[in-house]
Amino acid sequence: MNDIFMLIMVIVLAVVIIIVNIYLLAYYCAEDDNEFGSGIFAKIIAVLGMFIGLGQICLLPLDVANTRGEGGDFRMDLIWKITYIAIVCFAFFIIPLAISIYECDPDWSCCQKIRSSLCFFGVEVVVVGILFGVTYFLFNKAHISLTSLQCDYEAHLSDSSEELNDESGDKYICQETTEKDILIKVSFPIYIIAVLSVVSYLLFMIFGGVGIFSFPLDLIYSFCTRPIKIKSSKLEEMKKEIVVTAADLKDLGMQLKKMEENGIHKKNIFSSEKRYYNNLLKQLKVGVSVIDDQFQIINMQNMANQTSALGYLMQLIAGIFCLILSLVWIAQILLYIIIKKNGKPLFGFLNIPLVKLTQVNLSFVAISIFTVLSLYLLLITIKGNFKFGLRFMILGQIHPMKKDNTYMNSILFNVLLIMLTSVSVIQFSIRAFGEYTSMTDADIIFNTQIKYLTFYRFLFKFNVFEVGFLIIAVISFVYLVCRPNDTNTVKKILYEKFENDKKNKDLGNDKSIEMTVY
């Protein structure tokens, strides 16, 4: 009966995730891509990618239930391997191919798009295949530490020994002897999971560290800056500022258009002109994003008397709740992972109530809490990606998700991020809830094989990722408290040169707009 119940739950959950993914795609997809059949391949890949990324988070609670004898006796080890192989295929091959096809010249025929994309795909397959093959040959060994116990039967036990009783009641003295490392060769699928885990953990350390406080603080800041009734004169000033900003962006767009007409956008990526073009393009994207937000603020100001305050109050409540979740995660990392006492965690913290709930037959409550905490990690990582990219645009591409105004290449990029970071979210959750997730198949994969791989074990031994996560979290918290608004940061970068250009024009210098490369 348990098997049938769990199977039904898995099927229902899978259907719900697919429906949610389709809804999110329709919600964010730009109107140009919203027609049926437009970018259909990219849309199918986006839905499947989100299904794998979000579904993976739900696999860990299923693994926990399966280990406690409350699941459906699923082969979770096989399910985990299939899932991670699928993530590798999507992350390194399928999603880049879908983005490449989508970004082809729209005037090309279908055959031309496929031929151009397959050339890129072939090169990528060869490079990634060589990378995985060579590194697997060099680093496929795991160093497992073993501690031997020597047990002797005696009538009296010494204080320094550990007492064991067998079924007959006989007593033994067991003492630890030497520790030694044994080398085991891991399978190729496990090694692929390990490489994927390293990449995922690096992204999680950066974006998760930024997002863990930016997510709740932005919600609270949104309430604090909610639109209120202002004087008409002030509203007119805001409108004029947007007009001036839009004119500056138009000039920048004209400069980019001239560069494209000269073929600069087709030059080698390492050329200085192409780098300059890419930098201007990023700044234009940020500027458009900012001015769109300012325009929305104007609209909300116009409707301030008609707008309900309930939505902003809900944002405040959600922000406070998320801030509590963030502080709980920080405490869990410090008390259970970072701070050790005699080589063991200082305090189980959240592990204690979760284990207790399982012991008193309230495992459903424990699984629900654990799932919420894991999904929150994924959510803050996605938030951290946009926050980090917006404030430090020179370091990465901007792919904001906006209702009815997000193109498929941006959606696919964010799906790729979700898939990659979901791997580290699983591993991070296993490390943070070691007592609750012990003996699960995911725990065995990450903590008895991947954790001790030659190139990876020192990162775990010294908690490099967790310490880095906390350092970035503290730095981002201080920075966000001092500069809570993205607009000020972006405008300083984007329009500083514009002011100089205006002064030059006032002095009679008729020059095209140039922007400093930051």
Practice item. Give me the accessible area of S187, 1.4 Å probe, in Å² rounded to the nearest 10. Key: 50 Å²
Check your understanding: How much of R115 can a 1.4 Å solvent probe reach, expressed as accessible area in Å² and rounded to 10?
Key -> 140 Å²
Point to revise | Separation of the A318 and F120 label points, Cα + 7 Å toward Cβ, nm | key: 3.4 nm
Revision key, fill the gap. Quick calc: nm separation of the 7 Å Cα→Cβ label points for C89 and I471 -> 3.9 nm
**Study point:** Under-5 Å amide H pairs with F74, H placed in peptide plane, nonlocal only
**Key:** none
Practice item. Mind scanning K282/K402; K267/K387; K258/K403 and naming the pairs with a C-alpha gap bigger than 23 Å? Key: K267/K387; K258/K403
Practice item. Would you tally the net charge around K340, using a Cβ to Cβ cut-off of less than 15 Å, leaving K340 out, and scoring K and R as +1, D and E as -1? Key: +2
Revision key, fill the gap. The correct ranking of T83, T381 by accessible area at 1.4 Å, largest first, is T83, T381
**Study point:** Rounded to whole Hz, the Karplus (6.51, -1.76, 1.60) HN-Hα couplings of segment 277-288, x for glycine and proline
**Key:** 4, 4, 5, 5, 5, 5, 5, 5, 4, 5, x, 4
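The values are calculated or read from the model by the stated rules, or taken from the named source; none is laboratory data. Model, not experiment: these values are computed from the prediction. FYI the Cβ positions are ideal-geometry reconstructions off the backbone, even for glycines, and counts take in every protein chain you see. We work out accessible area using only protein heavy atoms, side chains counted, and drop any ligands, DNA or RNA first. Shrake-Rupley method; radii C 1.70, N 1.55, O 1.52, S 1.80 Å.
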